[in-house]
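Just below is one structure, and these are the notes that go with it.
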Amino acid sequence: MVAAENFWGSLVSQLGGNQTSVLSIVTDPNADPHEYEANLSDARAVSNAQFVIVNGVGYDDWALQLIAADGGSNQLVLNVGELNGVSVTGGIVTGNPHMWYNPVYVNYTLAAMYTDLVSIRPSATSYFEANYAALNISLGQLYGQAAAIRHQFAGTVVASTESIFVYLANFTQLNLVSPPAFMQAVAEGNDPSTQSVVQFQCQLESGHVRVMVYNLQTVTPITGNMKAIAAANNVTIVGITETIQPSSYTFQEWMGAEYLALANALNANALGQ
């Protein structure tokens, strides 16, 4: 089995356990996953896989191209974007590919993974069912952390250098004020408009923004400049990543650490530290 990215790979690996062997392709903590280029090894892996999980929504078109080129009729493909009804085009929410930061989408995806694994290996249904139950408990505890952030900090004004944080900001009811045009441009590897840059800078200098979320895997001169402006204006900065870091972590360990960092930043700011 192949997962285009290690966040989906971690979940299906935990679900499949010793009944599956999962290869996650995009794992490099020092690279922007949006810019990944497939190689011959990736092509062979995808071609030979019985089950392939792709993010979709324009995030990993290279994987879709490999699937299309191979044309294996017996291959099962889970496209997370299509599953969750997230389109390739549209606004900052409908076209946002970072679905692993949305607890609702993660739960839907895990359910689809379970169904697909059972269809592939019906003899292991009871085993998959037990793992699915355990994963739901684990994810319930994880998303309890997000709910605690919502309970304590809903309405707090925050910023983000790109759209990766939009889903989690919505779930925790934080007031994300960064210009959508700025966040979307950075996420897509484009230069934000001058208007959105100026607007973002003014927000960071206003004294209203408490925390800024910074994607450590899409560092550009513009995002670096915004980070410096935030620091100069006593805005607490929280770094997050697109892929699991460290790579030895499970999805829950990685995301839980990021939730904790966010909660600590919000709390530190509330205490004036």
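Table: residues versus (1) closer than 28 Å to Gly256 by Cα; (2) part of a loop (DSSP other than H, G, I, E, B).
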position	(1), (2)
Leu11	yes, no
Ala31	yes, yes
Asp42	no, no
Val57	yes, yes
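So, in the stretch 245-273, of the ones that are modelled with pLDDT under 95 and within 28 Å of Ser24 (Cβ to Cβ), which residue ends up surrounded by the most Cβ atoms within 10 Å (Cβ to Cβ)?
Gln245
Take the stretch 119-141 and flag every residue that is surrounded by fewer than 17 Cβ atoms within 10 Å (Cβ to Cβ) and hydrophobic (A, V, I, L, M, F, W, C).
Ile120, Ala130, Ala133, Ala134, Ile137
Kindly indicate whether Val157 is surrounded by fewer than 19 Cβ atoms within 10 Å (Cβ to Cβ), touching a His at 6+ places or on another chain (Cβ under 9 Å) and under 23 Å from Leu260 (Cα atoms).
On the way: surrounded by fewer than 19 Cβ atoms within 10 Å (Cβ to Cβ): yes; touching a His at 6+ places or on another chain (Cβ under 9 Å): yes; under 23 Å from Leu260 (Cα atoms): yes.
So Val157 passes the test.
All but one of (1) in contact with a Leu (Cβ under 7 Å, 6 or more places away or on another chain); (2) assigned to a helix (DSSP H, G or I) hold for Ile53; state the number of the condition that does not hold.
With respect to (1) in contact with a Leu (Cβ under 7 Å, 6 or more places away or on another chain); (2) assigned to a helix (DSSP H, G or I), Ile53 is out only on (2).
A quick yes/no check of all residues on (1) under 21 Å from the mean Cα position of the chain (by Cα); (2) within 29 Å of Val177 (Cβ to Cβ); (3) not basic (Lys, Arg):
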| residue | (1), (2), (3) |
| --- | --- |
| Ile53 | yes, no, yes |
| Ala69 | no, no, yes |
| Asp116 | no, no, yes |
| Glu129 | no, no, yes |
| Leu135 | yes, no, yes |
| Ile149 | yes, yes, yes |
| Phe153 | no, yes, yes |
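Among the listed residues Leu117, Leu110, Leu168, Leu135, identify the single one that is among the aliphatic types (A, V, I, L, M), assigned to a helix (DSSP H, G or I) and closer than 30 Å to Pro221 by Cα. Walk me through how you get there before you give the answer.
On the way: Leu117 fails: closer than 30 Å to Pro221 by Cα; Leu110 fails: closer than 30 Å to Pro221 by Cα; Leu135 fails: closer than 30 Å to Pro221 by Cα.
Every option except Leu168 fails the conditions.
Just the residues that are within 20 Å of Leu117 (Cβ to Cβ) and in a loop (DSSP other than H, G, I, E, B), please, taken from the stretch 13-29. Full working, then the answer.
Just the residues of the stretch 13-29 that are within 20 Å of Leu117 (Cβ to Cβ), to begin with: 13-25.
Across the stretch 13-29, the qualifying residues are Thr20, Ser21, Val22.
Suppose we filter Thr243, Thr236, Thr218, Thr250 for residues that are assigned by TED's automatic domain parsing to the domain that holds Thr172 and under 23 Å from Gln152 (Cβ atoms); which single one remains? I'd like the intermediate steps shown before the answer.
Working: Thr243 fails: under 23 Å from Gln152 (Cβ atoms); Thr218 fails: under 23 Å from Gln152 (Cβ atoms); Thr250 fails: under 23 Å from Gln152 (Cβ atoms).
Exactly one residue qualifies, and that residue is Thr236.
Restricting the first residue to the stretch 49-71 and requiring it to be free of Cβ contacts under 8 Å to residues at least 24 places away in the same chain and farther than 21 Å from Leu110 by Cα, which pairs with a second residue that is among the hydroxyl-bearing types (Ser, Thr, Tyr) and surrounded by 15 or more Cβ atoms within 10 Å (Cβ to Cβ) meet a Cβ separation below 9 Å and a spacing of at least six or different chains?
Ile67/Ser47
The values are calculated or read from the model by the stated rules, or taken from the named source; none is laboratory data. Keep in mind it's a predicted model, so treat the numbers as computed, not measured. Reconstructed Cβ throughout: ideal geometry from the backbone, glycine too, with neighbour counts over all protein chains shown.
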